[in-house]
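The values are calculated or read from the model by the stated rules, or taken from the named source; none is laboratory data. Keep in mind that what you see is a predicted model, and the values were worked out from it rather than measured. In this analysis, Cβ positions are derived from the backbone assuming ideal geometry, glycine residues included, and neighbour counts consider all displayed protein chains.
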Amino acid sequence: MAPATTITTTPAPIRFLLSFDDGPAAASSGNSTVRILETLAQNGQQPGIKAVFFTQTRAWHGGGTDVGRALIRREHDDGHLVALHSATTFHSNHRFMSGQALDESMQDGVADLLAITGVPPSLVRPPFWAYNADTLLTYHAYGLQMLLTDLNANDGKIYGINWSWHKRANMLKHLAETRVRWAAGRMPEVDGATPVVVTFHDVNTYTARHLEEYLEILVDVARELDVPLAARPFYDNREELERAALASTVADAASRPQLPGFWNWLWQ
Ligand SMILES: [Zn+2]
């Protein structure tokens, strides 16, 4: 009788999948989205990083303006993945919209992005992380998969303040929580890496000024927690980025993944 063998597998090294919500910014000078695009392209950690931009295609102060549309096009032309956050004038909660209003806004958002980039979006992220079984069904009906997050910079305007002093401690805490799921083999592996989704807001000028520091912090906290990093710690190819993002989406409202911070308490 053959002896039982125990196969111990270590999960694949992690790779940071950067995502930016609420943009693009519409400012004609000192534009935070532009600064973020420049830092992703050129920085001391890894040049040519590609990210997912969850855009608001009709935001009155952003995606709905000429500057905003030009920036969405630039995000795509620079090799990033453009995705949908909202297609309403404001940052509206999808859970509080009627079925018909949500339907229309998904239709508008997909059409807006298709017109600007030439490709339909494959990903959506609900404003305020607020979704339920019905919103998820609507997303799927428009060919959109929902991506939440593992790490969150907590830099959304909704907080009204910037957590500048807590940047490192915050990422360390979120990655320590993610590490438990990683070590247990509960995260998807794609192309030899475990994607770890990180969320920022490109309309935040503080984030734009400190993005390079954030990149350093991410690499640094992974080392501190002894989580192995992929040889290139950030995604730098749109197709690979999209595969990783799609593998990390939520397929089913019953699975109830952890939401960032107090949103978890609010919605679940
Ligand atoms: Zn948002």
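Looking across Glu212, Glu189, one residue alone is in contact with a Gly (Cβ under 8 Å, 6 or more places away or on another chain), more than 16 Å from Val52 (Cβ to Cβ), of a type in the set (D, E, K, R) and at pLDDT 95 or above. It is Glu212.
Name the residue that is nearest to Gly30 (Cα to Cα), counting only residues in segment 194-243 that are part of a helix (DSSP H, G or I) and of a type in the set (Val, Ile, Thr). If you could, list the steps in order and put the result at the bottom.
So the first thing to find is which residues in segment 194-243 are part of a helix (DSSP H, G or I), and the list is 205-224, 238-243.
From what's left, of a type in the set (Val, Ile, Thr): 205, 207, 217, 219, 221.
On the way: Thr205: 9, Thr207: 13, Ile217: 24, Val219: 27, Val221: 30 Å.
Among them, the one singled out is Thr205.
Scanning segment 104-129 for residues that are buried (at least 20 other Cβ atoms within 10 Å of the Cβ), more than 12 Å from the ligand (Cβ to nearest atom) and of a type in the set (D, E, K, R) yields a total of 1.
Taking residues in segment 177-191 that are touching a residue at least 24 places away in the same chain (Cβ under 8 Å) and among the charged types (D, E, K, R), and partners anywhere that are surrounded by 12 or more Cβ atoms within 10 Å (Cβ to Cβ) and assigned to a helix (DSSP H, G or I), the pairs with Cβ atoms closer than 6 Å and at least 6 places apart or on different chains are Asp191/Glu240. Checking Glu75 against (1) within 14 Å of the ligand (Cβ to nearest atom); (2) in a helix (DSSP H, G or I); (3) touching a Gly at 6+ places or on another chain (Cβ under 9 Å): exactly one of these is not met. Which one? So the condition that Glu75 fails would be (1). Pairing residues of segment 7-27 that are within 21 Å of Asn154 (Cα to Cα) and among the aromatic types (Phe, Trp, Tyr) with residues that are in a loop (DSSP other than H, G, I, E, B) and within 16 Å of the ligand (Cβ to nearest atom), at Cβ distances under 7 Å and at least 6 apart in sequence or on separate chains, gives Phe20/Ala51; Phe20/Asp202.
Taken together, the criteria place Ala101 among residues that are among the aliphatic types (A, V, I, L, M), surrounded by fewer than 15 Cβ atoms within 10 Å (Cβ to Cβ) and not in a loop (DSSP other than H, G, I, E, B). Taking each residue of segment 41-69 that is closer than 14 Å to Glu212 by Cβ and looking for partners that are among the small types (Gly, Ala, Ser) with beta-carbon atoms closer than 6 Å, six or more apart or interchain, yields nothing.
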